[in-house]
Amino acid sequence: MKLASLKSGRDGELIVVSRDLSIAVSVADIAPTLQDALDRWDEVFDDLDQVSEAINKGGLENSFDFDAQRCAAPLPRAYQWADASAYVNHVELVRKARGAELPENFWNEPLIYQGGSDDFQGPTDDIPFHDAAWGLDFEAEIAVITDDVSIGATANEGLGHIKLLMLVNDVSLRGLIPDELAKGFGFYQSKPATSFSPVAVTTDELGGYWVDAKLQLPLISYVNEQMFGRPDAGKDMAFNFAQLIQHVAKTRNLGSGTIIGSGTVSNRQGTGQDTSIAAGGVGYSCIAELRMIETIREGKPSTPFLKAGDKVKIEMLDNRGVNIFGSIEQNVVLGS
């Protein structure tokens with residue numbers, strides 16, 4: 001089943017989308033919003049699934065053409081947005097670029113921060129550009145949405161609470177991060193509004209691509225219509241989504257609609273060679289990672305961060321070339 005939220009009010013209007021993303025139908029009579037559906041998941045799932053089956057068999061009388069530009073984030077705002085750094089290669093590169101070793105416990109326990117969840121962006125909303133010194137960057141990620149998770153849940157229990165998956169553009173301001181981290185209290189100003197794919201997808205829709213609580217497909221990103229990265233999301237993920245849920249729920253309950261991100265999808269490619277798409281590598285899911293490798297290899301970065309006029313696209317295709325979640329397609333514009 002594929003679900004999305006049309007822009008309507010603060011929490012959107014829930015729609016079911018066909019598997020090929022061509023048509024959709026409002027299900028406000030079943031659940032007006034995705035948050036409401038998650039709060040009553042066991043009660044409404046069968047009804048939503050029946051609508052999904054019907055729309056995939058040839059449509060319904062009240063169906064309409066699906067348009068990602070009309071979509072908010074699947075959850076336009078959420079009670080919790082916890083973003084991890086499950087691809088430790090990304091963290092290792094960050095530290096190596098500044099001459100720091102990776103602590104051993106980074107491989108044993110996930111890094112997670114709690115981000116702003118009150119003002120998510122839709123898949124085609126503009127990314128505001130304010131100051132070049134802020135270092136505007138995209139980060140291509142995957143996220144899961146849970147229902148209620150009890151404190152102390154195990155990884156196996158956490159797996160059963162994953163209801164939906166979606167793609168993420170975790171916009172970051174790299175120039176503001178060092179000073180914030182130096183204070184020892186985490187991100188805030190350096191993490192503006194996060195963007196999500198137009199569609200959120202149930203795990204059963206993913207078939208054999210959903211294995212060991214990981215999504216086993218390349219995550220593809222473009223900058224200005226040039227492919228920037230296609231790392232395999234199923235490789236080099238040190239902590240799967242079930243383990244991330246276990247970690248986040250160690251000391252607190254998680255309310256339905258909790259979003260947990262994977263962090264920047266990153267594959268180990270070695271730092272002594274050009275691993276860009278053009279050179280035959282899998283590229284990168286953020287500009288910072290390429291700049292790190294440039295710094296390690298050449299002593300300084302040469303690739304600029306995003307500026308007004310740039311475009312970012314993030315998507316995931318199955319092995320037949322079918323777009324699973326729809327595309328995040330955003331323009332960078334001068335902010336007011």
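Kindly indicate the residue of region 107-146 that is β-branched (Val, Ile, Thr) and within 26 Å of Thr203 (Cβ to Cβ) and also most open to solvent (accessible area, probe 1.4 Å) among those meeting that condition.
Filtering region 107-146 for residues that are β-branched (Val, Ile, Thr) and within 26 Å of Thr203 (Cβ to Cβ), the one most open to solvent (accessible area, probe 1.4 Å) comes out as Ile112.
Run Ala242 past the list (1) out of contact with any Phe, Trp or Tyr (no Cβ under 8 Å at 6 or more places or on another chain); (2) within 30 Å of Ala132 (Cβ to Cβ); (3) at pLDDT 95 or above; (4) not in a strand (DSSP E or B) and report the number of the one that doesn't hold.
(2)
Please determine, by comparing only the residues of region 32-61 that are polar (S, T, N, Q) and assigned to a helix (DSSP H, G or I), which one is nearest to Val144 (Cα to Cα).
Here the answer is Gln35.
Filter region 318-336 down to the residues that are more than 22 Å from Ser22 (Cβ to Cβ) and either open to solvent by 20 Å² or more (accessible area, probe 1.4 Å) or not polar (S, T, N, Q) (or both) and list them by number.
Asn331, Val332, Val333, Leu334, Gly335, Ser336
Any idea which residue in region 28-41 is nearest to Gly257 (Cα to Cα), counting only those that are touching a strand residue (DSSP E or B) at 6+ places or on another chain (Cβ under 7 Å) and surrounded by fewer than 20 Cβ atoms within 10 Å (Cβ to Cβ)?
Applying the filter and picking the extreme gives Trp41.
Read through the list (1) within 27 Å of Thr275 (Cβ to Cβ); (2) surrounded by fewer than 21 Cβ atoms within 10 Å (Cβ to Cβ); (3) touching a residue at least 12 places away in the same chain (Cβ under 8 Å), then give the number of the only condition that Asp170 fails.
Every condition holds for Asp170 apart from (2).
So which residues in region 309-329 are under 22 Å from Leu164 (Cβ atoms), touching a Leu at 6+ places or on another chain (Cβ under 9 Å) and not in a loop (DSSP other than H, G, I, E, B)?
Across region 309-329, the qualifying residues are Ile314, Glu315, Leu317, Asn323, Ile328.
Restricting to region 147-172, count the residues that are in contact with a Leu (Cβ under 6 Å, 6 or more places away or on another chain) and in a strand (DSSP E or B).
1
Would you confirm whether any residue within region 77-88 is open to solvent by less than 10 Å² (accessible area, probe 1.4 Å) and of a type in the set (Phe, Trp, Tyr)?
Yes, some residue in region 77-88 is open to solvent by less than 10 Å² (accessible area, probe 1.4 Å) and of a type in the set (Phe, Trp, Tyr).
Can you name every residue in region 1-28 that is in a strand (DSSP E or B), touching a residue at least 60 places away in the same chain (Cβ under 8 Å) and of a type outside the set (S, T, N, Q)?
Matches in region 1-28: Lys2, Leu3, Ala4, Leu6, Val17.
List the number of the failed condition for Ala155; all other conditions in (1) of a type in the set (Gly, Ala, Ser); (2) within 27 Å of Leu38 (Cβ to Cβ); (3) open to solvent by 30 Å² or more (accessible area, probe 1.4 Å); (4) in contact (Cβ under 8 Å) with a residue 12 or more places away in the chain hold.
Of the numbered conditions (1) of a type in the set (Gly, Ala, Ser); (2) within 27 Å of Leu38 (Cβ to Cβ); (3) open to solvent by 30 Å² or more (accessible area, probe 1.4 Å); (4) in contact (Cβ under 8 Å) with a residue 12 or more places away in the chain, the odd one out for Ala155 is (3).
So in region 249-294, with the set limited to residues that are open to solvent by 20 Å² or more (accessible area, probe 1.4 Å) and among the β-branched types (Val, Ile, Thr), which one is modelled with the lowest pLDDT?
In this case the residue turns out to be Thr271.
Among the listed residues Thr251, Thr303, Thr275, which satisfies the condition of being assigned to a loop (DSSP other than H, G, I, E, B), of a type outside the set (A, V, I, L, M, F, W, C) and closer than 28 Å to Ala37 by Cβ?
Thr251 is the lone residue from the list that is assigned to a loop (DSSP other than H, G, I, E, B), of a type outside the set (A, V, I, L, M, F, W, C) and closer than 28 Å to Ala37 by Cβ.
What about Glu92, is it open to solvent by 40 Å² or more (accessible area, probe 1.4 Å) and either modelled with pLDDT of 95 or more or in a loop (DSSP other than H, G, I, E, B) (or both)?
no
Out of all the residues in region 145-197, which are among the acidic types (Asp, Glu) and at pLDDT 95 or above?
Asp147, Asp148, Glu157, Asp170
Give region 218-245 a look and list any residue that's over 14 Å from the mean Cα position of the chain (by Cα), over 19 Å from Thr275 (Cβ atoms) and open to solvent by less than 10 Å² (accessible area, probe 1.4 Å), or say none.
Residues satisfying the conditions are Ala242, Leu244, Ile245.
The values are calculated or read from the model by the stated rules, or taken from the named source; none is laboratory data. None of these values were measured; they are calculated from a predicted model. Neighbour counts run over all protein chains shown; Cβ positions are idealised from the backbone, glycine included. Remember, those area values only see protein heavy atoms, side chains included, never the ligands or the DNA or RNA. Shrake-Rupley method; radii C 1.70, N 1.55, O 1.52, S 1.80 Å.
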